[in-house]
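Structure first, then comments.
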Amino acid sequence: MNLLKTILSGENRILSRVIRGRNLNLGDLEKNKRFNKSIHELVTIMFAVVLGLGLQELDHIDKETPCIDFGFLFVAYIAVILSWWFYHKGTIAGPAESNVLSYSIDCLLIVFYWLMMHWRGHLCWLLFFYTCMFLLYFLWELVRVYQPSDQIEREKVKHACTINLVFVVLSGLITAACWLLKRFPESDKYVCLAAVAILVVSYRIPISIIYSRRAHIDDGLWKGQQEMNSGSPTDMDRHLAERAKMVSAKARAHLSGFRVGAAVLSESGNIYVGCNIEFDNYSNTIHAEEAAISALIVAGDSKPVKIAVFTHTEEPCFPCGMCRQSLFELGGKDLVVLACTETRIEQALLAELIPSAFHL
C-alpha cells in the first residue's frame with residue numbers, strides 16, 4: 001500500500017527516471033511543438049480509422065444473439081468516442097503530452113479498441129480487453145504524474161490516476177467472475193453488457209469533474225490580468241511565492257546580503273526557479289529572474305506567463321529594469337509579475353512595469 005501511494009504521488013525515483021528519460025526533446029522549442037502536434041494529429045487520425053473500421057462491423061452482427069452483439073458493439077463505439085473526446089480534453093487541461101510512453105499507450109489503446117469491436121463473440125476475452133483499456137488509462141495518467149508541472153495541476157492528474165485505478169479493479173473483478181463462470185445463459189450476458197456499459201459511461205463522470213475543476217483554476221492562472229483589482233492571490237500565486245521563497249535560500253549573496261528567489265510559470269504549466277548569484281566585481285552577478293528564465297529556455301519550454309519574485313524585505317520588490325526587458329521579450333506585455341515577501345503578494349502586468357519596452 002505504501003509503495004502504491006509513493007507511485008501515485010509521483011515520488012518514486014525509479015519511475016521518475018524511466019518516465020522522464022522518455023521525454024521528447026529535439027533541443028528546440030518550435031521543433032518540439034511541431035513534432036508533438038504532428039504525433040497528436042496522427043493519434044487523432046488513428047482514432048478515426050479504428051472507429052471507421054468498427055462501423056463496418058454493423059454488417060456482421062451475430063444473427064443468433066443480435067441484441068447482445070449489437071449492444072457490445074455500441075458500447076465499444078461509445079468507449080472510442082469518449083476516449084477520443086477526453087484525449088483532447090486531457091491534453092488541453094493537463095500536462096502537455098510529450099513523452100514516448102504516452103504515445104505508445106495511445107497506440108496500444110487503439111489496438112484494444114479494435115479488438116473490442118471485432119472479438120465480441122468471446123465474452124471473457126472481451127471483458128479482459130475492457131480491463132486492459134482501463135489499465136492503459138491508468139498508465140497514461142501515471143506518466144503525466146511524473147511530468148514536470150505545477151502543484152495544482154499535478155494534484156488533478158493524481159486524482160484522475162486514482163479514479164483510473166478504481167475502475168481497473170472494478171473491471172478486473174467483472175472479468176475474473178466471467179472467467180470463473182465460463183459458460184453464460186442469455187440473461188447473464190445482458191448483466192455483463194449492462195456492467196460494461198455502466199463502467200464505460202460512469203468512468204467519464206469523475207474524470208470530467210476533475211478536469212472541469214482544472215478549467216476553473218485556470219481562470220486564476222492564465223487570466224491574472226482580470227484579477228488585478230481583486231487583491232486576492234490565487235492558489236497558484238501562493239505556490240509560486242513559496243517556490244520562490246524556497247529557492248531564495250540558495251542565493252549567493254555574500255556581498256549585499258540581498259537574497260532573491262524567482263519562480264516562473266510557463267505556458268505549458270511547468271515551473272522553473274532561480275536565485276541571484278553575486279560575484280566580486282558585481283557586474284557578473286546573475287539575477288534570480290535571469291536564472292529562472294534561463295532554466296525555462298534550457299528545458300526547451302514555452303513562453304513564461306507568470307513570475308513570482310521573493311525578497312526578504314518588508315516591502316515587495318518588483319524586478320529591475322533589465323529583467324523587465326528580458327521578461328517582456330519572452331512573455332510579452334500580459335505576463336503577470338508577483339512581488340512577494342513573507343506577508344504580502346503584490347501583482348502587476350508587465351505592461352504596467354515597462355510601458356515602453358525596447359524593440360530592436
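Read-outs: derived from the displayed coordinates by stated rules, not from any lab. Keep in mind it's a predicted model, so treat the numbers as computed, not measured. Cβ: placed from backbone, ideal geometry, glycine included. Neighbour counts: every protein chain shown.
Quick notes on this one:
- Nearby aspartates and glutamates by direct alpha-carbon distance to LYS189 (threshold 15 angstrom, same-chain neighbours under 8 apart not counted): ASP62, GLU64, ASP69
- Note on VAL111 and PHE358: their simple-model spin labels are 5.6 nm apart, each label 7 Å out from Cα toward Cβ.
- Computed over the chain, relative contact order equals 13 percent, with contacts defined as Cα pairs under 8 Å that lie 6+ residues apart.
- In the chain, one over the average inverse separation of all distinct C-alpha pairs is 23.0 Å, which is the Kirkwood hydrodynamic radius.
- Cross-link table LYS33/LYS250; LYS156/LYS306; LYS158/LYS245; LYS158/LYS306, entries beyond 29 Å C-alpha to C-alpha: LYS33/LYS250
- Listed from fewest to most Cβ neighbours within 10 Å, the set ARG20, ARG204 follows the order ARG20, ARG204.
- The range 227-353 - percent relative contact order, Cα under 8 Å, separation 6 or more: 22 percent
- Scanning the chain for long hydrophobic helices, with DSSP H runs required to stretch 18 angstrom or more by C-alpha along their axis and to average at least 1.0 on the Kyte-Doolittle scale, returns 66-93, 100-118, 123-145.
- For the chain, the 222 nm mean residue ellipticity estimated from helices alone, with every DSSP H stretch of n ≥ 4 adding -39500 (n - 2.57) and the total spread over all residues, rounds to -21000 deg cm²/dmol.
- Each residue in VAL157, VAL80 was given a count of other beta-carbon atoms within 10 angstrom of its own, and listing them fewest first yields VAL80, VAL157.
- Rg over Rh, two decimals, the range 241-334 (C-alpha only, Kirkwood Rh): 0.95
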